[in-house]
């Protein structure tokens, strides 16, 4: 009897361990990656393609996605260890580096290379930048890439922020659409699908693309702490392969096919709207192919930050200290 009981007890002791393998991934034995994104937007369509079409699973990963609602909150989650990888403006990495933190996050992939926001107004009429003079724009968090890029574009059109036009930085990123439709401000910059949803409700009109006006800029990037990348280099490599594959897939498929692939991420948005929004992002060349970040791109961002008064030239960060492209390069 003892000979029978011993193997049974051993099996029962192993059962919790076996059940724990692949926890949260349906028992597939995948490695869980906690990804925190700055906002949930069609702007990040390649990421959702990788999730919905199983590209992450093919690389042995199960992605747990959370919405940070702002680059500062994404960075807080990564630095505190609540998230493994962040997707946000790389300006947050520059800020942390300049604070002197030892385990500062490094950028290992750049997803978008244009501003994804659209300037919206309250009337449907031909737009001229001079229309903004003396008006107020809800522009996002001060020191964030969306707000700084907006200021950069305003200056290019001869409008000095806070002098010729007021940029309201008091509204949280994920509350901007609600503030505008609630009557705050004369103009607002919104991401998709929020911009199209506001326009479809008749509460605002899309006037222009901020990204088309600003030109190329490293707008949204993936980053993780050095301790995480050192301990999980294989995970970062697999993550980059999945995203690189998704970027290529989006590049070679129609707007309708992309919309169909990601509709599960936007269940409250019509397929036609997703298709139109995808086309709008493709038109301005929003997605960064390949996934690597270039040195001149980082310097362009630092120029924008310096013009915005958020950075001094002596705070510019050495490219090779902040960016590690080798995983993205190997994923090509």
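The values are calculated or read from the model by the stated rules, or taken from the named source; none is laboratory data. All values reported here derive from a predicted model rather than from experimental measurement. Using ideal geometry, Cβ is built from the backbone for each residue, glycine included, and neighbour counts are taken over all protein chains shown.
At a glance:
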read-out	value
Meets criteria (in the same structural domain as residue 170 (by TED's automatic domain parsing) and over 19 Å from residue 296 (Cα atoms)) for residue 100	no
Test: residue 273 is surrounded by 18 or more Cβ atoms within 10 Å (Cβ to Cβ), modelled with pLDDT under 95, under 30 Å from residue 77 (Cα atoms) and in the same structural domain as residue 95 (by TED's automatic domain parsing)	no
Evaluation of residue 146 against (1) closer than 19 Å to residue 280 by Cβ; (2) at pLDDT 95 or above (one fails), failing number	(2)
Conditions (1) touching a strand residue (DSSP E or B) at 6+ places or on another chain (Cβ under 8 Å); (2) closer than 30 Å to residue 34 by Cβ; (3) surrounded by 19 or more Cβ atoms within 10 Å (Cβ to Cβ); number of the one not met by residue 103	(3)
Residue that is nearest to residue 290 (Cα to Cα) [pool: residues in segment 301-315 that are touching a residue at least 40 places away in the same chain (Cβ under 8 Å) and surrounded by 15 or more Cβ atoms within 10 Å (Cβ to Cβ)]	301
Residue match in segment 217-229 (condition: at pLDDT 95 or above, on the phi < 0 side of the Ramachandran plot and surrounded by fewer than 18 Cβ atoms within 10 Å (Cβ to Cβ))	yes
Search result, residues across segment 70-87 that are free of Cβ contacts under 8 Å to residues at least 60 places away in the same chain, touching a strand residue (DSSP E or B) at 6+ places or on another chain (Cβ under 7 Å) and farther than 14 Å from residue 220 by Cα	77, 83
Qualifying residues in segment 293-332 (those that are in contact with a strand residue (DSSP E or B) (Cβ under 7 Å, 6 or more places away or on another chain) and assigned to a helix (DSSP H, G or I)) - the one farthest from residue 230 (Cα to Cα)	298
Unmet criterion (only one of (1) assigned to a strand (DSSP E or B); (2) surrounded by fewer than 22 Cβ atoms within 10 Å (Cβ to Cβ)) for residue 127	(1)
Segment 170-198, residues that are surrounded by fewer than 19 Cβ atoms within 10 Å (Cβ to Cβ) and either at pLDDT below 95 or not in a helix (DSSP H, G or I) (or both)	170, 172, 174, 175, 182, 183, 184, 186
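Condition check ((1) on the phi < 0 side of the Ramachandran plot; (2) at pLDDT 95 or above) across all residues:
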{"position": "41", "(1), (2)": "yes, no"}
{"position": "48", "(1), (2)": "yes, yes"}
{"position": "55", "(1), (2)": "yes, yes"}
{"position": "60", "(1), (2)": "no, yes"}
{"position": "63", "(1), (2)": "yes, yes"}
{"position": "88", "(1), (2)": "yes, yes"}
{"position": "96", "(1), (2)": "yes, yes"}
{"position": "104", "(1), (2)": "yes, yes"}
{"position": "107", "(1), (2)": "yes, yes"}
